[in-house]
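The values are calculated or read from the model by the stated rules, or taken from the named source; none is laboratory data. Since the structure is predicted, the reported quantities are computational estimates derived from the model, not experimental observations. Neighbour counts run over all protein chains shown; Cβ positions are idealised from the backbone, glycine included.
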């Protein structure tokens with residue numbers, strides 16, 4: 001009987017390690033999908049992402065320093081508490097996207113080829129731009145949030161230098 005339990009010990013160790021690794025991988029996938037896009041926006045732009053916004057797609061250009069393009073697409077749930085937040089549709093502008101904003105959207109779309117693609121030619125889009133509080137970053141970093149009422153999606157485009 002003793003010899004049998006010795007042989008089971010390595011198997012038990014391997015299974016335990018495998019379960020731990022799979023658990024960590026699962027947690028990372030969950031956290032990347034549901035937690036980090038929101039906290040990244042909040043940390044970089046000093047805004048609050050309200051409850052009721054679900055990340056349906058996210059892309060980030062790999063970079064050691066965290067610079068480059070990012071795209072996060074949110075779907076608001078019915079009755080999401082958007083009032084007073086950066087995502088408050090009533091506080092967004094209905095002005096056309098500027099050439100620089102169109103360039104940002106086009107660059108991110110070419111880079112990421114998102115499934116939830118923003119059609120910049122359609123009417124009724126609403127937008128809001130965040131300006132960094134850091135004086136140096138003010139002229140190089142951009143957060144453009146576009147709401148497409150037809151698709152019921154917020155498209156958050158970031159460009160960080």
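Give the residue, chosen from 26, 66, that is at positive phi and either at pLDDT below 80 or assigned to a helix (DSSP H, G or I) (or both). Quick ask: steps written out before the conclusion?
On the way: 26 fails: at positive phi.
So the residue among 26, 66 that is at positive phi and either at pLDDT below 80 or assigned to a helix (DSSP H, G or I) (or both) is 66.
Restricting the search to the stretch 46-63, which residues are on the phi > 0 side of the Ramachandran plot and modelled with pLDDT under 90? Please lay out each step first, then the result.
Residues of the stretch 46-63 that are on the phi > 0 side of the Ramachandran plot, as a first pass: 46, 52.
If the condition is that a residue be on the phi > 0 side of the Ramachandran plot and modelled with pLDDT under 90, then 46 is the only one that fits.
Would you mind telling me which numbered condition in (1) in a helix (DSSP H, G or I); (2) closer than 18 Å to residue 150 by Cα residue 106 fails?
Looking at each condition in turn, residue 106 falls short on (2).
Within the stretch 150-161, can you find the residues that are touching a residue at least 60 places away in the same chain (Cβ under 8 Å) and under 17 Å from residue 52 (Cα atoms)?
Filtering the stretch 150-161 down to residues touching a residue at least 60 places away in the same chain (Cβ under 8 Å) leaves 152-161.
Scanning the stretch 150-161 gives 152, 153, 154, 155, 156.
Got at least one residue in the stretch 82-94 being at pLDDT below 80, surrounded by 13 or more Cβ atoms within 10 Å (Cβ to Cβ) and not in a loop (DSSP other than H, G, I, E, B)? Give the derivation first.
To start, the set of residues in the stretch 82-94 that are at pLDDT below 80 comprises none.
The answer is no, given that none of the residues of the stretch 82-94 is at pLDDT below 80, surrounded by 13 or more Cβ atoms within 10 Å (Cβ to Cβ) and not in a loop (DSSP other than H, G, I, E, B).
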